[in-house]
1. What FRET efficiency would be calculated for the residue pair residue 376, residue 210, taking the C-beta separation as r and a Förster radius of 56 Å, to the nearest 0.05?
2. Would you calculate, for the chain, the mean residue ellipticity at 222 nm contributed by helices, counting each DSSP H stretch of 4 or more residues as -39,500 (n - 2.57) and dividing by all residues, to the nearest 500?
3. Just order 274-282, 49-57 by mean Cβ neighbour count inside 10 Å, highest at the front, would you?
4. Can you tell me, using C-alpha contacts under 8 Å and at least 6 residues apart, the relative contact order of the chain as a whole percent?
5. What's the ranking of 89-98, 357-366, 137-146 by average number of surrounding C-beta atoms within 10 Å, highest first?
6. So, in Å, what gap is there between the alpha-carbon centers of the range 115-149 and the range 68-89?
7. So between residue 274 and residue 291, what do we pick up on full extension, going 0.36 nm a residue minus the alpha carbon distance?
8. Kirkwood Rh over alpha-carbon pairs of the range 4-122, then Stokes-Einstein at 37 °C and 0.692 mPa s: what D in µm² s⁻¹, rounded to an integer?
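Values quoted throughout were computed directly from the atomic coordinates according to the rules given, and no laboratory measurement underlies them. Computed from a predicted model, the values in this text were never measured in an experiment. Positions of Cβ are backbone-derived with ideal geometry, glycine not excepted, and every protein chain shown enters the neighbour counts.
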């Protein structure tokens with residue numbers, strides 16, 4: 001059996017993938033692209049057999065089958081495009097693109113080179129969450145009407161460096177810069193996967209607290225968001241993005257024609273599911289991996305590797321799915337089109353927040369005419385320096401924004 005050759009860009013955040021891939025028989029990390037020596041030294045999964053690159057172009061043309069992008073939050077699209085041009089498949093670890101124009105470029109380069117693209121979304125592989133998907137796919141719940149997804153990740157406002165006009169924003173942690181609604185892979189992305197739907201329209205309101213608003217260590221002045229998204233299946237979802245409230249937690253709920261399902265709050269492993277029928281009676285269950293549809297007979301599941309994998313084992317499921325896609329055994333759900341739509345929901349959600357919650361339509365990136373309407377819109381709340389920003393990344397500067 002020929003082993004898939006995987007390259008990881010970003011040794012720090014990429015360590016969780018390297019940890020999981022060491023248990024995979026079909027794939028092996030052979031190269032790392034990293035300019036920070038400390039990140040390499042701190043990564044316990046770096047071996048002498050792996051080749052280290054400082055230059056991405058040299059890295060991506062080194063004979064790889066696939067690259068896992070674990071670089072700065074908003075900078076994945078340009079590197080994914082270079083991978084497509086090199087004939088290398090892409091797993092993107094955060095958002096697909098930082099502007100609508102980049103979403104178009106990403107989609108069209110993937111089409112041009114017939115590339116393979118997958119957006120990282122490990123939360124769908126929580127046992128309880130995947131069990132929700134299985135019940136929907138089996139028709140047990142009827143049509144999905146309403147959904148909620150809550151991702152809370154508390155961070156202290158005094159973490160990080162003070163920000164000045166000439167601060168290099170690439171040296172900051174993304175949580176110091178990012179409008180919270182744009183980190184939507186764990187919330188809206190998960191509900192997309194579970195329900196098989198795509199976002200169509202979005203509106204967003206931001207939440208602020210005084211210490212975030214005044215902190216010299218935060219570029220964004222918001223620590224939370226409420227995002228309302230109309231989906232292609234007619235459902236409406238209420239999600240948080242990544243909001244900075246304590247305690248850190250994830251929670252999912254779907255209201256359907258035949259009842260409601262939700263995960264149990266503050267259950268870190270997300271393996272408990274509560275199902276309520278039309279009569280109001282509810283049952284708390286702990287579905288097995290088989291009952292959740294995560295393990296099928298003869299699919300080569302390795303329990304020991306699952307238990308040793310990162311993020312409580314869900315990265316094992318995600319990585320196996322990635323390998324199955326590379327081996328042409330299945331197609332990715334969060335492909336380049338759906339991933340662009342998810343990123344656009346975050347980008348347009350921020351546009352909406354700056355426009356007092358105005359509802360905005362999300363392009364269908366499978367259609368050229370809809371791509372044409374946004375292909376020249378490269379506005380983004382990210383820049384190399386604060387003084388270079390093309391649009392506000394703070395709500396208190398919304399008067400500078402013209403929709």
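1. Values: r = 38 Å, r/R0 = 0.68.
Approximately 0.90, to the nearest 0.05.
2. Working: 13 runs with 112 residues, N = 403.
Dividing the helical sum by the residues of the chain leaves -7500 deg cm²/dmol.
3. Working: 274-282: 11.9, 49-57: 13.9.
Put in order of decreasing packing, that is 49-57, 274-282.
4. Details: 893 pairs, mean separation 81.2, N = 403.
So the answer I get is 20 percent.
5. Values: 89-98: 25.9, 357-366: 17.9, 137-146: 14.1.
Ranking, from highest mean packing down: 89-98, 357-366, 137-146.
6. One Cα centre to the other: 26 Å.
7. On the way: separation 17, 0.36 × 17 = 6.12 nm, distance 1.44 nm.
So the extension gain works out to 4.7 nm.
8. Numbers: Rh = 14.2 Å.
My calculation gives 231 µm²/s for D.
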